[in-house]
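Have a look at the structure below, then the notes.
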Amino acid sequence: MYKQKENRSPNRDRVLECIFRNPGISRKDTSDLTGITSATITAVVTELLREGILTELGEMEEDRGTIGRSRIALNVQPDYRYVVGVEFNYASLSGTVCDLRGNVKYSVVLPHDPEKEYITEALIQLIQRCLDSGAAPVDQIAAIGVGVPGHMSRAGTGFVGSGHYWSDLDPGIIREAFSVPVVFENNVRCMAVAQSLNHPKEAPSNFALLHVGQGMHCAHIIDDELFIGTTYGCGEIAHTIAVLDGKRCECGKRGCLQTIITESALLENGRAIWEADPHSNLRSFAKGPEELTLRHLLEAYELGDPAVCRMLTLALRHLAVAALNVAVLMNPEKLFLHGELFRSEAVRQDFLEEIRRQFEFTGNDYTLGTVAYCDCTPLDGAVGAAALAVLNCVIHTEKK
């Protein structure tokens, strides 16, 4: 059945988003990219300059010394407003104050125990801590973004995640605690938004960001817009089946990627190696299996520990197949990989080699140059949430 398409964004929003994605662009080029008439572009840009969110950088470098009227480069004024971004996950609470370009003005990372902390209260305290930091005038804070390790209900009023963790999250209470808009979204999708807005030179208009951590998620930017989908399963690549009749997953199915390549799965397998192999390098890193960390597994892998290498090689092979599936189904121009796992140079190189082997049949349309690793820090989710606040509440004003 044909469904009527949503109305296009207002001219102001389209112009502003175009300039965010193309810093230093001229009025004429903005008109060409957006399809908005030159007269309307001039009027919108004049208003945005008056408002203070845009600034003129001077004549375009390629126009200098030429005959005729030079084009003037436009850019976003980063300190026009500021945003707060916070994220929570199994290990920590992170918060940041950023300008409109994602430059961090204040940050904090706190330990978090989801079994002991009331998440709604913890987030309110964290947001208030960011507001009280003095990193930006409180009256210049435009919005607050919250990255969640799961999904929000379609109405944005409740949290949808695995297990019983964070069932007490109450977005309504958080929104009532602050005088500016508060927006929520999956933390990996937030990271994809940050990649798009804060790093436009590296991020094409169509890309995928695959995160591997305690869980897995694949977020997509399609034609410069975050793809949400219509169900909570959108992007949940962790729960695609990799091994028929494999290990039982928390979701109820068997053989999900969640049971093979995530940090929790790797640590479970690493503990089994520690207990079964008295000669494993893991024995020199930890006195007991419960003390093992992902860093220990990666060090053992780099040292060539046979059992650890077999386990991680198989896991990387399954991950490469998942990446290939993303490439075939969604055809992103670039695939970003994010996670502590990829801090290891050995893992990076071996995974790229596996990608090369798996991608052979695709020819030159999907090359190694389109696979990139993101820096992985504890602040990434919070910076992503800040970018979400910019996108939804500064650029797209009708979403406030």
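Please treat every number below as a calculation from the coordinates, not as lab data. What you see is a predicted model; the values in this text were computed from it and never measured. Here the Cβ positions follow ideal geometry from the backbone for every residue, glycine too, while neighbour counts run over all protein chains shown.
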* State, as an integer percentage, the relative contact order of the chain based on alpha-carbon contacts under 8 Å between residues 6 or more apart. => 17
* Asked: Once the convex hull of the C-alpha atoms of the stretch 147-227 is built, how many Å³ does it hold per residue, rounded to a whole number?
  -> 107
* Would you mind computing, in nm to one decimal, how far apart the modelled labels at Leu110 and Ser264 are, each placed 7 Å from Cα along Cα→Cβ? => 2.4
* Which loop-located GluC sites (Glu not before Pro) does the stretch 88-160 contain, where loop means any DSSP state but H, G, I, E or B and the Cβ has at most 13 other Cβ atoms within 10 Å? -> Glu115
* From the Cα gyration tensor of the stretch 80-233, with a ≥ b ≥ c the square roots of its eigenvalues, which class applies: rounded if a/c is under 1.5, or else prolate if a/b is larger than b/c, or else oblate? -> oblate
* Which shape class applies to the stretch 261-400: rounded if a/c is under 1.5, otherwise prolate when a/b exceeds b/c and oblate if not, where a ≥ b ≥ c are the square roots of the Cα gyration tensor eigenvalues? -> oblate
* To do: Taking a cut-off of 14 Å between Cα atoms, list the aspartates and glutamates near Lys334, but don't count ones fewer than 8 places away on the same chain.
  => Glu202, Asp223, Asp224, Asp365
* DSSP loop GluC sites (Glu not before Pro) in the stretch 276-360 with at most 16 other Cβ atoms within 10 Å of their Cβ, which ones? -> Glu333
* Asked: Separation between the Lys253 and Cys309 pseudo-spin-labels, each 7 Å from Cα along Cα→Cβ, expressed in nm?
  -> 3.3
* From the cross-link list Lys201/Lys247; Lys116/Lys253; Lys105/Lys201; Lys28/Lys201; Lys201/Lys253, which pairs have alpha carbons spaced over 31 Å apart? -> Lys201/Lys247; Lys201/Lys253
* Taking the chain as a Gaussian network, where each spring joins two C-alpha atoms under 10 Å apart, which residue of Ile25, Ile72, Ile237 fluctuates the most? -> Ile72
* Asked: At what distance in nm do the modelled label points of Thr37 and Ile241 sit from each other, each positioned 7 Å from its Cα along Cα→Cβ?
  -> 5.7
* To do: In whole angstrom, note down how far apart the Cα centers of the stretch 244-305 and the stretch 97-158 are.
  => 32
* Using a Förster distance of 25 angstrom, determine the FRET efficiency expected from the C-beta separation of Glu353 and Ser284, and round it to 0.05. => 0.35
* Structure fact -> For 170-176, 377-383, 319-325, ranked highest to lowest by mean beta-carbon neighbours within 10 Å, the order is 377-383, 319-325, 170-176
* Report the antiparallel proportion of the DSSP beta bridges in the chain as a percent, rounded to a multiple of 5. => 65
* Structure fact -> Subtracting the Cα-Cα distance of Thr157 and Phe227 from 0.36 nm times their residue separation yields 23.2 nm
* To do: Kindly give Rg over Rh for the stretch 71-126, based on alpha-carbon atoms, with the Kirkwood expression for the hydrodynamic radius.
  => 1.20
* Asked: Roughly how compact is the chain, stated as its Cα Rg over 2.2 N^0.38 Å to two decimals?
  -> 1.07
* Structure fact -> Only helices counted: for the chain, with every DSSP H run of 4 or more residues adding -39500 (n - 2.57) and the sum spread over all residues, [θ] at 222 nm is -11000 deg cm²/dmol
* **Packing-based order for 33-39, 129-135, using average beta carbon neighbours within 10 Å, highest first** => 129-135, 33-39
